[in-house]
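The values are calculated or read from the model by the stated rules, or taken from the named source; none is laboratory data. This is a predicted model, so every value here is computed, not measured. All Cβ positions, even for glycine, are placed from backbone atoms using ideal geometry, and neighbour counts span all protein chains on display. The accessibility values were calculated without ligands, DNA or RNA, using every heavy atom of the protein model including side chains. Shrake-Rupley method; radii C 1.70, N 1.55, O 1.52, S 1.80 Å.
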Amino acid sequence: MENIILIGYMGSGKTTIGKNLAKQKKYKFVDTDEMIVEQQRRSINEIFATDGEQAFRDMETAFLRQLIAEKKEHMVISTGGGMPLRAENRQLLSHLGKVIYLKASPKTIYKRIKGDTTRPLLQCENPIKRIEEMIAEREPLYEQGATIVVDVNVLRQSEVTLEIIEKCQ
């Protein structure tokens, strides 16, 4: 399918880059977290609090299956940071299109999202340590699921967008 899927840790720029990329390519922008919030009529924090992380991950998988069933194309899809952790989701994402891993260091991530209370997995005593642990755990899965890896630590948003367009030709 002809879609571009952005994966990576929270704060890596998936939504910002995704919107810019969609505009450049004249594709529709889809944020999986926003779509789940819309479908569930409650925030991700509320879903995590009442149903747990596992239920949220099930919702992500169901959403991917829905996109594939509907044969949606010409989209830029920004995923939640945990979506590619499931092997099934990595497989579903690869069926949807080219999967781009926006790779960011823990330092870059922390600088971008410190103070953001909408991130349930970072509501802890030492968020920078938690970011480091989670990236160490997730990075091999992100790389396994990706068609292309783009390091976002040194590039401006416009440069990341151009690099993705070039690599997706």
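Per-structure values
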{"item": "With every protein chain in place, the chain: carbon and sulfur % of accessible area (1.4 Å)", "result": "48 percent"}
{"item": "Computed accessible area, K111, all protein chains, 1.4 angstrom probe, square angstrom", "result": "150 Å²"}
{"item": "GNM flexibility winner over the chain from G115, G97, G81 (Cα, springs under 10 Å)", "result": "G115"}
{"item": "Built amide H within the under 5 Å cut-off of T147, gap 5+", "result": "V99, I100, Y101"}
{"item": "Residues of the chain: accessible area per residue with a 1.4 Å probe, Å²", "result": "52 Å²"}
{"item": "Accessible area in the full protein assembly, largest first, 1.4 Å probe, for V154, V99", "result": "V154, V99"}
{"item": "Above-threshold pairs, the threshold being 28 Å between Cα atoms, out of K98/K129; K26/K98; K72/K114; K26/K107", "result": "K98/K129; K72/K114; K26/K107"}
{"item": "E133 - accessible surface, heavy atoms, 1.4 Å probe, Å² rounded to 10", "result": "80 Å²"}
{"item": "Relative packing of peptides 159-169, 57-67 - highest average C-beta neighbours within 10 Å first", "result": "57-67, 159-169"}
